[in-house]
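The values are calculated or read from the model by the stated rules, or taken from the named source; none is laboratory data. Note that this is a predicted model, so its numbers are computed, not measured. When we count neighbours, we look across all protein chains shown, and the Cβ atoms used for this are built from the backbone with ideal geometry, even at glycine.
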């Protein structure tokens, strides 16, 4: 039994139960789980080639006419959101890139893509549950930024994505 297993399978459910009484506490617990998971993942070395970048659909601008859920490469690359940059990062590093509308679709994408490692971008709620659901896969979770509130026109720090890509890439034999 690893420490990561204990955190994700024992501590996480307990914290979600304890946090169910207070939304603020629940969010703090979710951030804690994501941070401790990321630290534990980064303490290991991985020999991975198949890395999946999994994006929340809310990174796309709400006014965009193109839906990217079925194919992120339908993006017109207008630059109004970070999808264009994320496509470039994925292409330059030969990574799989998918957009999910929620946990169920994200799980299906993971099952079909069969990645060896995941870089996930979403809100803390989706990230923490997704990290726990995909254990033992190594996942680096990056919380999106929500300048307009939850689930609309969110952003992500591209440097954090590049750092996660470099972590998995430098630990593998590409």
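Take the residues in the range 130-146 that are under 10 Å from the mean Cα position of the chain (by Cα) and over 19 Å from residue 48 (Cβ atoms), then tell me which one is surrounded by the fewest Cβ atoms within 10 Å (Cβ to Cβ). Per the stated criteria, the residue is 144.
Residue-wise test of (1) crowded, with 22+ Cβ neighbours inside 10 Å; (2) under 21 Å from residue 38 (Cα atoms); (3) at pLDDT 95 or above.
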site: 89; (1), (2), (3): no, yes, yes
site: 115; (1), (2), (3): yes, yes, yes
site: 128; (1), (2), (3): yes, yes, yes
site: 148; (1), (2), (3): no, no, no
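Taking the numbered list (1) touching a helix residue (DSSP H, G or I) at 6+ places or on another chain (Cβ under 8 Å); (2) surrounded by fewer than 20 Cβ atoms within 10 Å (Cβ to Cβ) in turn, residue 43 passes all entries but (1). Residues that are part of a helix (DSSP H, G or I), touching a helix residue (DSSP H, G or I) at 6+ places or on another chain (Cβ under 6 Å) and touching a residue at least 60 places away in the same chain (Cβ under 8 Å): does the range 131-152 have at least one? The answer is yes, given that some residue of the range 131-152 is part of a helix (DSSP H, G or I), touching a helix residue (DSSP H, G or I) at 6+ places or on another chain (Cβ under 6 Å) and touching a residue at least 60 places away in the same chain (Cβ under 8 Å).
Results for (1) touching a helix residue (DSSP H, G or I) at 6+ places or on another chain (Cβ under 7 Å); (2) loosely packed, with under 11 Cβ neighbours inside 10 Å; (3) at pLDDT below 95; (4) within 16 Å of residue 134 (Cβ to Cβ), shown as yes or no for each residue.
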{"site": "32", "(1), (2), (3), (4)": "no, no, no, no"}
{"site": "37", "(1), (2), (3), (4)": "yes, no, no, yes"}
{"site": "49", "(1), (2), (3), (4)": "no, no, yes, no"}
{"site": "64", "(1), (2), (3), (4)": "no, no, yes, no"}
{"site": "80", "(1), (2), (3), (4)": "no, no, yes, no"}
{"site": "83", "(1), (2), (3), (4)": "yes, no, no, no"}
{"site": "103", "(1), (2), (3), (4)": "yes, no, yes, yes"}
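Need a quick list: helices (runs of 4 or more DSSP H) entirely within the range 8-103 having at least 1 residues that are touching a strand residue (DSSP E or B) at 6+ places or on another chain (Cβ under 6 Å), touching a residue at least 24 places away in the same chain (Cβ under 8 Å) and closer than 18 Å to residue 158 by Cα.
Per the criteria, 23-42, 83-92.
Applying the criterion of being out of contact with any helix residue (DSSP H, G or I) (no Cβ under 8 Å at 6 or more places or on another chain), assigned to a loop (DSSP other than H, G, I, E, B) and surrounded by 12 or more Cβ atoms within 10 Å (Cβ to Cβ) to the residues of the range 153-174, the residue that is modelled with the highest pLDDT is 157.
When the range 118-129 is filtered for residues that are farther than 19 Å from residue 82 by Cβ and in contact (Cβ under 8 Å) with a residue 40 or more places away in the chain, the ones remaining, listed by number, are 125, 128. Can you find even one residue in the range 155-164 that is touching a residue at least 60 places away in the same chain (Cβ under 8 Å), in contact with a strand residue (DSSP E or B) (Cβ under 8 Å, 6 or more places away or on another chain) and more than 23 Å from residue 40 (Cβ to Cβ)? Scanning the range 155-164 turns up at least one residue that is touching a residue at least 60 places away in the same chain (Cβ under 8 Å), in contact with a strand residue (DSSP E or B) (Cβ under 8 Å, 6 or more places away or on another chain) and more than 23 Å from residue 40 (Cβ to Cβ).
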